[in-house]
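Participant: To start, I am sharing the structure in question, which I have written as structure tokens.
The values are calculated or read from the model by the stated rules, or taken from the named source; none is laboratory data. Just so we're clear, the structure is a prediction, and the values are computed from it rather than from any experiment. Cβ atoms come from the backbone with ideal geometry, glycine included; neighbour counts cover every protein chain shown. Areas reflect the complete protein model, heavy atoms only, side chains present, ligands, DNA and RNA absent. Shrake-Rupley method; radii C 1.70, N 1.55, O 1.52, S 1.80 Å.
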Amino acid sequence: MSFPTHRPRRLRRTEALRNLVRETRISTAGLIYPMFVCPGAKVRQTVSSMPGIAQQSVDQLLEECREVEQLGIPGVILFGLPESKDASGSSSTHAQGIVQRAVEAIRKANLNLVVITDVCLCEYTDHGHCGVIENGEVANDTTLEILANQALSHARAGADIVAPSDMMDGRVAAIRAKLDANKFENLPIFAYAAKYSSAFYGPFREAAQSTPQFGDRRSYQMDPANAREALKEVALDIEEGADIVMVKPALPYLDVIRRVRDKFDVPVGAYNVSGEYAMVKAAAANNWLDEKRTVLEIITSITRAGADIILTYHAKDLARWLRSS
């Protein structure tokens, strides 16, 4: 018998020993902090379902970006709340659109941040869907040109990476072609490759003001029951030119993250989404969970599953906790 020769508890006896043999280590190096930018000046409107997260005007967002940089978080991803919406989300492509102005402000401030922009129409359409509506349905091919022009406008504003989240078929190819044709061949695409139709997006829709005005997004976002399909989606996006791929949400899809990591040799991201964040905040506020331990365990699990990059609203707290540990 192996006992008492083998005693695994030997290496768990002290904090120093546990740290020494830890298999999965987390750091700020792969964290991305999501931010919501809105029109106006000196605007900071707290999102009720996401304590600590706010809709902010460009000037206020810039101040928080300075804090993000100081905490050692390498990048942010920007979501825009436009001044006006229409059926085709036309304001998403304007050179002076809300995200475009935010990108330019961050660039002019010379902040050492990777600036990623979300490419989608849901925040910009008056119906709240991620594409143009034709005959009562989201029209895939009609939407592609708008998405490509949106990505191009972000590139011209100074974005480091564009991240299409719409789940239209062929959108990575359309964006890659548009960027390449306009001399942005070196701009990476971070594709939301396996984005599931999830109940965990609720708080985000408050933050981004992007709730669909009719129906839902199940005709274009993935069925939560499907894992093999995620590998197909990832493969297609890589074939079309994606440089980084993402699984969203993270916690209910750790198995998918692992499958993607094992099959594809590209950087893999995961989005620790708004509902995951809100649950922890609500439980911590009621003293049902230790917030720090819970968040560290969650981020460790996403890293252990295989994610190289994690988009998380916990990023600032994580950075502070990791600094003090």
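Participant: Give me a count of the residues in the range 157-212 that are of a type in the set (D, E, K, R), outside any strand (DSSP E or B) and touching a Phe, Trp or Tyr at 6+ places or on another chain (Cβ under 9 Å).
Facilitator: Final tally of qualifying residues: 3.
Every residue, every condition in (1) crowded, with 18+ Cβ neighbours inside 10 Å; (2) within 19 Å of the chain's Cα centre (by Cα); (3) charged (D, E, K, R), yes or no:
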residue	(1), (2), (3)
Ala95	no, no, no
Cys122	yes, yes, no
Asn135	no, no, no
Val138	yes, no, no
Ala163	yes, yes, no
Gly170	no, no, no
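Participant: Which condition breaks for Asn110 when tested against (1) within 22 Å of the chain's Cα centre (by Cα); (2) under 24 Å from Thr28 (Cβ atoms)?
Facilitator: (1)
Participant: So which helices (runs of 4 or more DSSP H) are wholly in the range 230-325 and hold at least 3 residues that are surrounded by fewer than 16 Cβ atoms within 10 Å (Cβ to Cβ) and of a type in the set (Gly, Ala, Ser)?
Facilitator: 274-285
Participant: Looking at the range 41-57, which of the residues that are open to solvent by 30 Å² or more (accessible area, probe 1.4 Å) and β-branched (Val, Ile, Thr) is farthest from Ala282 (Cα to Cα)?
Facilitator: Val43
Participant: From the list Ala208, Ala225, which residue is of a type in the set (Gly, Ala, Ser) and touching a strand residue (DSSP E or B) at 6+ places or on another chain (Cβ under 9 Å)?
Facilitator: Every option except Ala208 fails the conditions.
Participant: When the range 105-115 is examined, which residues are found to be farther than 23 Å from Ile53 by Cβ and not in a loop (DSSP other than H, G, I, E, B)?
Facilitator: Correct list: Arg107, Lys108.
Participant: Show the residue pairs meeting these rules: Cβ distance below 6 Å; 6+ apart or different chains; first residue within the range 118-135 and assigned to a loop (DSSP other than H, G, I, E, B); second residue open to solvent by 10 Å² or more (accessible area, probe 1.4 Å) and acidic (Asp, Glu).
Facilitator: Going by the 6 Å Cβ cut-off, the qualifying pairs are Asp126/Asp86.
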